Amino acid sequence: MSTPTHDVVVVGAGVAGAVMAKHLTDAGLRVLMLEAGPGTPQTLDGYEHHLNTFYEASAKGPESAWPTAPQVPQPDTADLRFNDGYFVQRGPQLYGSSYSRLQGGSTLHWLGVSLRMLPEDFDMGSRFGVGRDWPLRYDDLEPFYRKAELDLGVSADVADQQYHGITFADGYDFPMSRVPMSYADQWLADAVGDLEVPIGTESVPIQVRSYPAARNSMPRPGYGPVGALDRRGDGQVRPGLIGERCQGNTSCTPICPVQAKYNAGRTLAQIDPGHLEVRAQAVASKINVDPTDGMVTGITYQRYDGSSYVEEVAIGRRYVLAAHAVENAKIMLMSGLTGPNDMVGANLMDHPTLYAWGLAPEPVYPFRGPLSTAGVEDLRGGPFRSTHAAFRFDVANDGWRAPTGAPDTTVTGEVDQGHFGADLRRRLATTLTRQVRLSLAVEQLPDPANRISLDWRFLDPLGNPRPAINYRIDEYTLAGMVEAKRVAGAMFSRAGIEDRSDDDVQKWFPTIEHQGQVFSYHGMGHFAGTHMMGDDARTSVVDHSQRSWDHQNLYLIGSGSFPTMGTSNPTLTIAALAVRTAETLAAELGDLSAGRVGANVRSTDR
Amino acid sequence: MDRLKEFVAVSERLTGHRHIELMGTGSAEEYLQTLRRAVPEDLVEDLLATAHDLDGHEDAVTVELLADPRLGPVAKNIIVLWYCGTWHQLNDDWRQTYGADPVDTHVVSANAYLSGLQWTVARAHAPGGNMQGFAAWADRPAPEAEAEPERTNR
């Protein structure tokens, strides 16, 4: 057997892999990271090149600043128009989400919402009789949520965040105070007033609330915000002198110009290069397993350049798949590793999301500030979850951009109608300043029939199969959509907002019908559930530390491990789980080294 | 240079913005170039001349210019250029009839994107640029100035 060159081989340079690598290297371990996509620049100049790509893109979708390499195709939001993208969609519903395959992963263009899951999200099975229980409880994760909030740099006030049973350690507050709520948020909060909505058997007060965001705000004592980092050719890392505070670029997606919003590249840049080697353009294609004991002996990867590639094998003492819920499943399935009852790839989830938009009775001045600075969290939990899905709203700061393409389409609409000159200017000043929009993100339960598999009829340029998706939105989620729309309607009505939601405008969005109502939905990018964790090797792929039951030196990390996903954006929980797994791994490898040959073994055994 | 002056003068009337506001975008020359790449010179001349003749007859602009099958779509495109920084390729019918506009829909340049008038009219800024600063989004901005075209100072 070949000798390990590194302690841990990590596949994937997104947030899960980066946080994992940070904590492993902090513990003195040496990490090799394989990234399928191109490397992204760690210099400031290189990052700013992506900003210009975004400025000049005609379609400014989430991926527009971040083209990948043709060798590693990725899903794109616009694929849904013709269903001709990376995913082979087998229906019955279209899966609406996308992600990015390059160094930094989808955190390069995420919104930054960093909510903790609710305590009740961890035992949906025993509490509500739906979904499954996690092998962890909220209290098990709470210390790791704190560490993740530090790693990502989260801004929030504990005082705002104690709802639905969420607790914090005594004396804790977030690294930075909350991102100020936008003028539009404040207006909406006032206009909604003391609205209560009936749901199930309860009446629930609705509050427009600041949510935790991984965007730099005012630091609390003892915390230094991390902004843009500039890693030079000589390996020196210099703070870029920008991005230590959000500047209000209104561009969290597709690109924060100053990196005041967290991206995984920031974590990677902070890692000692003596302990971390990132190999980009290296596509993990096969996990090699010893058939006698199931142990992984190496990971084969394709290193490409131009039109050719070579195969190499990475060998470590431990292996971590951190490539994304879909890509983790894909690599496993390409290696013939299907888990118990074909669970690898199964139980794919998302937060199918609806838009509601309208015209406020007075100017609220959108198109300013982070893309959103508040949400409605009151219906993330409650007894109703035994009968229908929970949901949360984002309150947008970018008007009707997402559903309609405003402000450009607002302009072209007025011009098409013949408006020009001072009249046009006045009309636009009136309309553009009053646009209000909510995103209604609805929970989805695990369903083994919703899954990733491989379709060998469709190969990418390296000969790897494209992922096929079977996906159905069930009654539980649909009933949640009905309630979410009703609550949004009640908010609009109380606030005097004229509802302009119009499914015809979103005509390329996938639709689904339920009891005579047609919903146009889209994905939130919240992939989860393809290698879920559990406490039984027969009914789960990984254990509570994200270790593969079948392959004891292999860890599958990320939102693929989630047994249920509740309503929180998954990134913070991905990071918290990664820290927890890294600590387990570091302790284990540390003990092994110490027990075997003494404390300094790692510096001499390679 | 004269052509640019004429173009900006017409643009003032079409967009409802003053000369200084249009020149302040830094995009005037690029827009004129984009227009000349997209449509034949005689059409540009006709459009500028027609608009010039209508000076002082705002009511006629709709009928004589915007509703004109040949000039109207181009005039509307000029408005959208200024507001959005994007050239929208004229539709198939128009292109077949008048045999022009090989230019695909595109953002004219990074500067054009950033300087779109839609953002100033909204009291906002283009996403990714011209940011207003930390916490500015929490405040109510100054309202949009009244859009009376300035007739002097050309």
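Since every read-out is calculated from the coordinates, none of them should be taken as a lab result. Given the structure is predicted, the values throughout are model-derived calculations rather than measurements. Neighbour counts are summed over all protein chains in view; Cβ atoms, including those assigned to glycine, are modelled from backbone coordinates with ideal geometry.
Structure summary
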| item | result |
| --- | --- |
| Overall form of segment A:65-147 per C-alpha gyration tensor (a/c, 1.5; a/b vs b/c) | oblate |
| Relative contact order of segment A:287-410, pairs being alpha-carbon contacts under 8 Å that are 6 or more residues apart, as % | 13 percent |
| Cα shape, segment A:379-475, gyration tensor, a/c 1.5 rule | oblate |
| Selection from B:VAL8, B:LEU81, B:ALA110 lying farthest towards where the dipole of segment B:3-146 points positive, charges on Cβ | B:ALA110 |
| Assigned charges on the beta-carbon of Lys, Arg, Asp, Glu; chain A dipole about Cα centre (debye) | 820 debye |
| Contact order relative to length of chain A, as percent, for alpha carbon pairs under 8 angstrom and 6 or more apart | 22 percent |
| Whole-Hz ³J(HN,Hα) from phi, Karplus 6.51 cos²θ - 1.76 cosθ + 1.60, for segment A:487-500, glycine and proline x | 5, 4, x, 5, 5, 4, 5, 5, 7, x, 8, 6, 5, 10 |
| When the convex hull of its Cα atoms is projected in every direction, mean area for segment A:1-40 (nm²) | 3.4 nm² |
| Listed pairs A:LYS286/A:LYS330; A:LYS22/A:LYS147; A:LYS147/A:LYS261; A:LYS22/A:LYS261; A:LYS60/B:LYS76 exceeding 21 Å between Cα atoms | A:LYS60/B:LYS76 |
| Förster-model FRET efficiency, 30 Å R0, B:ASP55 and B:GLN96, C-beta, rounded to 0.05 | 0.40 |
| Relative contact order, percent, segment B:3-146 [alpha-carbon distance under 8 Å, six or more residues apart] | 21 percent |
| Whole-Hz ³J(HN,Hα) from phi, Karplus 6.51 cos²θ - 1.76 cosθ + 1.60, for segment A:297-310, glycine and proline x | 9, x, 10, 7, 9, 9, 9, 10, 7, x, 9, 10, 8, 10 |
| Angle in degrees between helix B:2-15 and the longest Cα principal axis of chain B, rounded to the nearest 10 | 70 degrees |
| Residue-averaged beta-carbon neighbours from other chains (10 angstrom radius) around B:61-68 | 2 |
| Helix-only CD estimate at 222 nm, as mean residue ellipticity for chain A, using -39500 (n - 2.57) per DSSP H run (n ≥ 4) | -7500 deg cm²/dmol |
| Chain B: angle of helix B:28-38 to the longest principal axis, Cα-based, in degrees nearest 10 | 40 degrees |
| Coordinate range along principal axes, alpha carbons of chain A, Å, largest first | 77, 56, 53 |
| Global form of segment A:1-126, assessed from the alpha-carbon gyration tensor, a/c cut-off 1.5 | oblate |
| Between 0 and 90°, nearest 10: helix B:72-84 axis offset from chain B longest Cα axis | 20 degrees |
| Percentage of interatomic Cα-Cα distances in chain B larger than 23 Å | 39 percent |
| Charged-residue dipole, Cβ positions (Lys, Arg, Asp, Glu), segment B:3-146 about Cα centre, Debye nearest 20 | 560 debye |
| In sequence order, calculated HN-Hα J values of segment A:263-269 (Karplus, 6.51, -1.76, 1.60; Hz; x Gly/Pro) | 9, 4, x, 5, 5, 4, 5 |
| Positive-end residue, segment B:3-146 charge dipole about Cα centroid, Cβ charges, pick of B:LEU32, B:GLY72, B:ALA49 | B:LEU32 |
| Fraction in percent of alpha-carbon pairs per bin - 10 Å, segment A:400-547 | 8, 25, 26, 21, 13, 5, 1, 0 |
| Dipole of the protein assembly as shown, positive direction: furthest Cα of A:THR253, A:SER97, A:MET565, with charges on the beta-carbon | A:MET565 |
| Solvent-free Debye scattering, log10 I(q)/I(0), computed from the Cα coordinates of segment A:218-294 at q = 0.22, 0.23, 0.25 Å⁻¹ | -1.09, -1.14, -1.22 |
| Hydrodynamic radius by Kirkwood, which averages 1/r over all alpha carbon pairs of segment A:89-194, in angstrom | 17.1 Å |
